[in-house]
Amino acid sequence: MQPSRIKILAVALLLSRASLGAEGAPDGGPGTWQSHKYTFQFLGFTSTYSCDGLAAKLRIVLLAAGARPDVKSVPGACASGFGRPDKFARADLTFYTLTPADSGTAAGAGAQGVWRPVTFAARQPWDLALGDCELMEQFRQQVLPMFTTRNVVSNTTCIPHQESGSNIDLKFDAFTAVPGKKHASAGSGGPS
């Protein structure tokens, strides 16, 4: 190979690495578990949930977003009985999210983490439908900030009182535990 071609290849390689920016940064590392407790009150126009239905749906969304598998999502105090739609459905959430560890954090205080792309759309996860549009808007505003995320892109559009024209489109990278590994628990949350 000619010296001029080697120089051109070297410069191209350096430029491609420089253009990676944050993407070229390590894609994981040690993390610590952060505990979260939150009462989620659904207020929407299009869909109505029972309190137990809301709790079940939120558990699916929390797990898909990268929460530790020991998520607790229980029906809140509702005026309607079990399985009956309630305009003011509530769910009490207890869950853990992974945060990148500080350099001074003791080993074994959490789990090995990686940045994982997450996408929410109609039927992604499977149980998510267009009627859940307002739920996903509220999740993005109220619960997603409790996760360690980057590159959040939300093109969700909800039209009150109708599914037609609504669109669930929420994408982000979440710092989550490496799949398939046992993780040290935080506090009394128990192992996952």
| remark: (1) within 23 Å of LEU135 (Cα to Cα); (2) at pLDDT 95 or above all hold for PRO85 apart from (2)
| query | In the stretch 150-184, which residues are modelled with pLDDT under 90 and open to solvent by less than 50 Å² (accessible area, probe 1.4 Å)? | reply | SER166, HIS183, ALA184
| query | If we keep just the residues of the stretch 95-112 that are more than 14 Å from the chain's Cα centre (by Cα) and modelled with pLDDT of 90 or more, which is surrounded by the fewest Cβ atoms within 10 Å (Cβ to Cβ)? | reply | GLN112
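With the requirement that a residue be farther than 19 Å from ILE60 by Cα and open to solvent by 20 Å² or more (accessible area, probe 1.4 Å), what does the stretch 113-149 give you?
At the first step, the residues of the stretch 113-149 found to be farther than 19 Å from ILE60 by Cα are 113-115.
Passing the criteria: VAL114, TRP115.
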| note | Considering residues that are under 20 Å from PRO145 (Cβ atoms), touching a Lys or Arg at 6+ places or on another chain (Cβ under 7 Å) and among the β-branched types (Val, Ile, Thr), the number found within the stretch 25-67 is 1
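Do we find that LEU58 is hydrophobic (A, V, I, L, M, F, W, C), part of a helix (DSSP H, G or I) and in contact (Cβ under 8 Å) with a residue 24 or more places away in the chain in this structure?
yes
One line per residue, one yes/no per condition, for (1) more than 26 Å from SER35 (Cβ to Cβ); (2) touching a helix residue (DSSP H, G or I) at 6+ places or on another chain (Cβ under 7 Å); (3) not hydrophobic (A, V, I, L, M, F, W, C):
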{"site": "ALA122", "(1), (2), (3)": "yes, yes, no"}
{"site": "LEU130", "(1), (2), (3)": "yes, no, no"}
{"site": "GLU137", "(1), (2), (3)": "no, no, yes"}
{"site": "VAL143", "(1), (2), (3)": "no, no, no"}
{"site": "MET146", "(1), (2), (3)": "no, no, no"}
{"site": "VAL152", "(1), (2), (3)": "no, no, no"}
{"site": "CYS158", "(1), (2), (3)": "yes, yes, no"}
| message | I want to confirm something. Restricting to the stretch 77-89 and keeping residues that are surrounded by 19 or more Cβ atoms within 10 Å (Cβ to Cβ) and of a type outside the set (Asp, Glu), which single residue is nearest to PHE45 (Cα to Cα)? | response | ALA89
| query | How many residues are out of contact with any helix residue (DSSP H, G or I) (no Cβ under 7 Å at 6 or more places or on another chain), among the aliphatic types (A, V, I, L, M) and farther than 27 Å from THR157 by Cα when one looks only at the stretch 43-101? | reply | 4
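The values are calculated or read from the model by the stated rules, or taken from the named source; none is laboratory data. What you see is a predicted model; the values in this text were computed from it and never measured. In this analysis, Cβ positions are derived from the backbone assuming ideal geometry, glycine residues included, and neighbour counts consider all displayed protein chains. Areas reflect the complete protein model, heavy atoms only, side chains present, ligands, DNA and RNA absent. Shrake-Rupley method; radii C 1.70, N 1.55, O 1.52, S 1.80 Å.
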